[in-house]
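Below is one structure, written out as structure tokens, with a few remarks after it.
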């Protein structure tokens, strides 16, 4: 009986060992499967990362990933090309330690804003220095990236290079300027010819007057010499008196100052026209400058005078308290010129329909808190309902073929809204006319759109 019990115990032990062996074998198999699964996952992750890396390098955007501690985690091939900095020299460094030459103040502020509001922030036309030393422009979007704890972990800066578009836009504005000057050339020539004509006439008069005055002065000199010897005869006095009447000395004394004044006014007029033409034909500045808006508008009115003088009266009401406004002078003048020409054509259209009287173009400026407001009103026919939504679209025009390219108001909108961060709107009434309202910021806001 004891022997049987011993055998049974041994058998139970063997069974237990076998069971443990099977269990260990199962665990080993499971571990092996898990290891294989992890290896497969790792390879899949590597392939996915490789695909993502290739994808990021194919995207035609400059991509820069920045960690919470301001270190670069992503720098794609487009970023290498854009800034001339290799990824190996950028990744791991702090963003400010990279030799990126761009408008840091705007970029830093947009990053802070993005992290604060947890939304993407758009920066228009950030200027940067290209590897060849020329200036380039990027439209940059700053996007916050959240981790699993729903905290801001880092941000992604994606930039689209708009240098070519920006250069084309500047060229288009310049072409439009020159086109406008070309269209106004005949009128400007007439404007210059009128004052130069009476300068020439007054010069001829002054030349003749001077000859007459010299004759009188010579006789008075002779009289002075005779008076020294007390030998002045009645005959000499009579000759001088006759000469004074002959040259009409009294008339010359009155007319010479007037002729000189007219000539000076004419020269001033010519100078104003030439100065205004120079302003319009000169390429736009890359930097904003403080501008006297009232004087700029006066200059524009001068250039366009021969365009509007025969169809409209020009009325101005300038705010003397208006401060200097930061803007691009050439582009601003172009905007005002385009709207004045449009106003002239609108009034001209009304005149052709039977109203032979002159219309009115009214231009006013106002200092309105943080804005400079310019209103340009015409007494034209107004803008048809179906045209209003397309008024600022490129190449849209209601004018007859050959009279308008449809670029004037499109450029005006681009210059005011995009370049100056202002607004341009209009009020219009059929049969009454149209008023364009331009608002420019007194202090230019950051070029950030939240």
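The values are calculated or read from the model by the stated rules, or taken from the named source; none is laboratory data. All values reported here derive from a predicted model rather than from experimental measurement. Reconstructed Cβ throughout: ideal geometry from the backbone, glycine too, with neighbour counts over all protein chains shown.
In this structure, does residue 148 turn out to be assigned to a helix (DSSP H, G or I) and either at pLDDT below 85 or surrounded by fewer than 18 Cβ atoms within 10 Å (Cβ to Cβ) (or both)?
The answer is no for residue 148.
Scanning for something on the phi < 0 side of the Ramachandran plot, at pLDDT 75 or above and surrounded by 14 or more Cβ atoms within 10 Å (Cβ to Cβ), does region 238-254 turn up at least one residue?
yes
Read through the list (1) touching a helix residue (DSSP H, G or I) at 6+ places or on another chain (Cβ under 9 Å); (2) under 23 Å from residue 68 (Cα atoms), then give the number of the only condition that residue 106 fails.
It fails just one condition, (1).
What is the residue count in region 400-440 for residues that are part of a strand (DSSP E or B) and modelled with pLDDT under 80?
Selection size over region 400-440: 0.
Say we look at region 186-207 and pick out the residues that are at pLDDT 70 or above and closer than 20 Å to residue 311 by Cα; which of these is surrounded by the most Cβ atoms within 10 Å (Cβ to Cβ)?
Here the answer is 191.
Can residue 106 be described as assigned by TED's automatic domain parsing to the domain that holds residue 141, modelled with pLDDT of 65 or more, touching a strand residue (DSSP E or B) at 6+ places or on another chain (Cβ under 7 Å) and not in a loop (DSSP other than H, G, I, E, B)?
yes
Which of (1) in a loop (DSSP other than H, G, I, E, B); (2) surrounded by fewer than 16 Cβ atoms within 10 Å (Cβ to Cβ) is the odd one out, the single condition residue 85 does not satisfy?
All conditions pass for residue 85, except number (2).
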